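Before any comments, here is the structure.
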Amino acid sequence: MKDIVANPDLVARCGLYCGACRTYLKGRCPGCRENAKAGWCKIRGCCAERSDATCADCTEHPDPATCPKFNNLIARVFGVVFNSDRAACVRKIRGLGVEGFAAHMSAEKRQSLPRRGG
């Protein structure tokens, strides 16, 4: 299994940190940015179309909760089931920058900031 390291290239466009994802760490996924099979992800496609590195760069939706691609039903269910707060991750990226966010998440060994506790 790979070690969790700070790598800005492993910050997913939606704010998750692939560098701490179990699937990535086990070598079964290259991370969201490099995953050609992730064409289904509307967030990834939107950021690519807009030339945004992540949703933190979006000027159309300063609050990710107002973006229908970011805040859809599946994303909300995922957030509850996995205790994941991607909007908090986007805010953290805005505050720390992508490099700072990668460093923070790798130090915390987290793929996402939690919705509650933790």
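Results, tabulated for the structure shown:
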| read-out | value |
| --- | --- |
| Which listed residue, of Asp63, Asp57, Asp85, is farther than 24 Å from Arg22 by Cβ and surrounded by 13 or more Cβ atoms within 10 Å (Cβ to Cβ) | Asp57 |
| Residue match in the stretch 74-93 (condition: within 14 Å of the chain's Cα centre (by Cα), over 19 Å from Ile4 (Cβ atoms), of a type in the set (S, T, N, Q) and not in a helix (DSSP H, G or I)) | no |
| From the options Ile93, Ile74, residue that is at pLDDT 95 or above and among the β-branched types (Val, Ile, Thr) | Ile93 |
| Members of the stretch 9-29 found to be buried (at least 16 other Cβ atoms within 10 Å of the Cβ), under 15 Å from the mean Cα position of the chain (by Cα) and not aromatic (Phe, Trp, Tyr), listed by number | Leu10, Val11, Ala12, Arg13, Cys14, Gly15, Leu16, Cys18, Gly19, Ala20, Cys21, Cys29 |
| Selection count, the stretch 33-54, where residues are within 19 Å of Tyr17 (Cβ to Cβ) and in a loop (DSSP other than H, G, I, E, B) | 7 |
| Tally of residues being crowded, with 17+ Cβ neighbours inside 10 Å and aliphatic (A, V, I, L, M) across the stretch 99-118 | 3 |
| Test: Asn72 is surrounded by fewer than 16 Cβ atoms within 10 Å (Cβ to Cβ), more than 13 Å from Pro8 (Cα to Cα), touching a strand residue (DSSP E or B) at 6+ places or on another chain (Cβ under 8 Å) and of a type in the set (S, T, N, Q) | no |
| Qualifying residues in the stretch 4-62 (those that are in contact with a helix residue (DSSP H, G or I) (Cβ under 8 Å, 6 or more places away or on another chain) and hydroxyl-bearing (Ser, Thr, Tyr)) - the one nearest to Asp85 (Cα to Cα) | Tyr17 |
| Test: residue in the stretch 101-118 that is without any contact (Cβ under 8 Å) to a residue 60 or more places away in the chain, in contact with a Cys (Cβ under 6 Å, 6 or more places away or on another chain) and outside any helix (DSSP H, G or I) | yes |
| Pair list, Cβ < 6 Å and 6+ apart or interchain, from the stretch 1-30 residues that are more than 11 Å from Met105 (Cα to Cα) to residues that are assigned to a helix (DSSP H, G or I) and of a type in the set (D, E, K, R) | Arg13/Arg44; Cys14/Arg86 |
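The values are calculated or read from the model by the stated rules, or taken from the named source; none is laboratory data. Remember, predicted model here, so these are calculated numbers, not experimental data. FYI the Cβ positions are ideal-geometry reconstructions off the backbone, even for glycines, and counts take in every protein chain you see.
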